[in-house]
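A.B. asks: Here's a structure for you.
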Amino acid sequence: MAQAEKNLLEYGVRRPEVLEMLRPAEELLLDSGFWQRQSEGLAIFISKESSRIYRLPIHFDEVVVVGKSFYVQPILPLLNGNGNFYILALSLNQTRLFQASRDNISEVELKDIPTNMGEALQIDDLEKHFGFQTNTDRGSTGTERSAVFYGQGEENDKKEKIWRYFQEVDQGLTRMLEDESIPMVLAAVDYLIPIYQQANTYRNLLKEGVVGSPEKQGLKELHALAWKIVEPIFMRNQQEAIDRFQELHGQQNGLATNDLDAAVKAAIGGRVETLILPLGVQKWGRYDPATDSVHFDSEPTPENEDMVNYAAAQTILNSGNVYAVPKDRFPNHGDVAAILRYAI
């Protein structure tokens, strides 16, 4: 806060305006409850018009940026290799949703979504109604025993009821996660997984799930098993983007560039399909829309901003993919690596 105040004053902002702008952050210092509920990282974005405060599940190197736009580069790893995913822990007795990353997991409150089958279908005694234990015990091999139905007609009727319950869960999640597309891992005993997959409409429910009763698994175990499923997906997408850039850049066909000037212009025009950038690299400058040109500076000023950050933001705004990688994993030479939708 002291550094932000110093920078704002040096940039010519009047002290009363500075103090008013920083007031949301100042109020946090007096909120002891806020500091007792922290995650791995904390990101605060403040402008004259608004403030946003986020507890985030990744560690950040401390950084203060005062400029024309919000500095989002440090939080970009949340979009790829250390990104968020959901775990839907599903049983007939209890349905829970968790949001997780590689290092953290927290339960998401389910609003207007039935959390057990009895509630959804108004069945008082599930075990009596179904004729088996709805929370099956572990067998001698350590795996979950599937529920056993007796009679083909009776079996179909009970599966139909389960499917109806899962439809209600799915419809509630669809309303709640309308704009979400992050991966979702299903955790359930084996016989429930295909029934829920049939009812599901969430766009990114993974085919592979955590097989076993989530009610019997500890949260730490559930998190670890789900991360094993999503980690290769996150890392594969990132590595595929790096490999594709290197292939295209080597062909000199105009579909890839490592020039920041060209990448900024392409990102503004919606031509960047994928942008790869090295974490922690800053290149200060200004984009002039009148001349469609980028002017670079040696240091930050009130008139400029980090153009690597700017290119990333423009790529995201135009529905492109952004991968922020450690410097030792960054491909080739240059400030960024951009794959274009069509040649410049």
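The values are calculated or read from the model by the stated rules, or taken from the named source; none is laboratory data. Computed from a prediction, not measured in an experiment: that's the story for all the values here. Counting neighbours? That spans all protein chains shown, and the Cβs are built from the backbone with ideal geometry, glycine included. Keep in mind that these areas ignore ligands, DNA and RNA; they rest on the heavy atoms of the full protein, side chains included. Shrake-Rupley method; radii C 1.70, N 1.55, O 1.52, S 1.80 Å.
A.B. asks: For the range 42-91, give me the residue count where each residue is polar (S, T, N, Q), in a strand (DSSP E or B) and at pLDDT below 90.
C.D. replies: Here the count works out to 0.
A.B. asks: Can you work out which of the residues in the range 152-196 that are assigned to a helix (DSSP H, G or I), open to solvent by less than 60 Å² (accessible area, probe 1.4 Å) and among the aliphatic types (A, V, I, L, M) is farthest from Leu88 (Cα to Cα)?
C.D. replies: Checked the range 152-196; the qualifying residue farthest from Leu88 (Cα to Cα) is Ile162.
A.B. asks: Still on this structure, I have one more. Inspect the range 314-334 for any residue being small (Gly, Ala, Ser), in contact (Cβ under 8 Å) with a residue 60 or more places away in the chain and buried (at least 20 other Cβ atoms within 10 Å of the Cβ) and give the result as yes or no.
C.D. replies: yes
A.B. asks: May I ask you to verify whether Gly285 is in contact with an Asp or Glu (Cβ under 8 Å, 6 or more places away or on another chain) and either outside any loop (DSSP other than H, G, I, E, B) or closer than 28 Å to Asn7 by Cβ (or both)?
C.D. replies: yes
A.B. asks: Restricting to the range 197-228, give me the number of residues that are in a helix (DSSP H, G or I) and open to solvent by 20 Å² or more (accessible area, probe 1.4 Å).
C.D. replies: Number satisfying all stated conditions: 10.
A.B. asks: Now for a different question. Given the options Glu305, Glu273, name the one that is of a type outside the set (A, V, I, L, M), touching a Gly at 6+ places or on another chain (Cβ under 6 Å) and farther than 21 Å from Val63 by Cα.
C.D. replies: Values: Glu305 fails: farther than 21 Å from Val63 by Cα.
Only one candidate passes the filter, namely Glu273.
A.B. asks: For the subset of the range 11-30 comprising residues that are open to solvent by 80 Å² or more (accessible area, probe 1.4 Å) and part of a loop (DSSP other than H, G, I, E, B), which member is modelled with the lowest pLDDT?
C.D. replies: Leu30
A.B. asks: Please enumerate the residues belonging to the range 84-99 that are surrounded by fewer than 21 Cβ atoms within 10 Å (Cβ to Cβ) and within 25 Å of Gln239 (Cα to Cα).
C.D. replies: Asn84, Gln99
A.B. asks: Another question, then. For Gln239, indicate whether it is open to solvent by 60 Å² or more (accessible area, probe 1.4 Å), polar (S, T, N, Q), at pLDDT below 95 and over 19 Å from Val108 (Cβ atoms).
C.D. replies: On the way: open to solvent by 60 Å² or more (accessible area, probe 1.4 Å): yes; polar (S, T, N, Q): yes; at pLDDT below 95: yes; over 19 Å from Val108 (Cβ atoms): yes.
Spelling it out, Gln239 is indeed open to solvent by 60 Å² or more (accessible area, probe 1.4 Å), polar (S, T, N, Q), at pLDDT below 95 and over 19 Å from Val108 (Cβ atoms).
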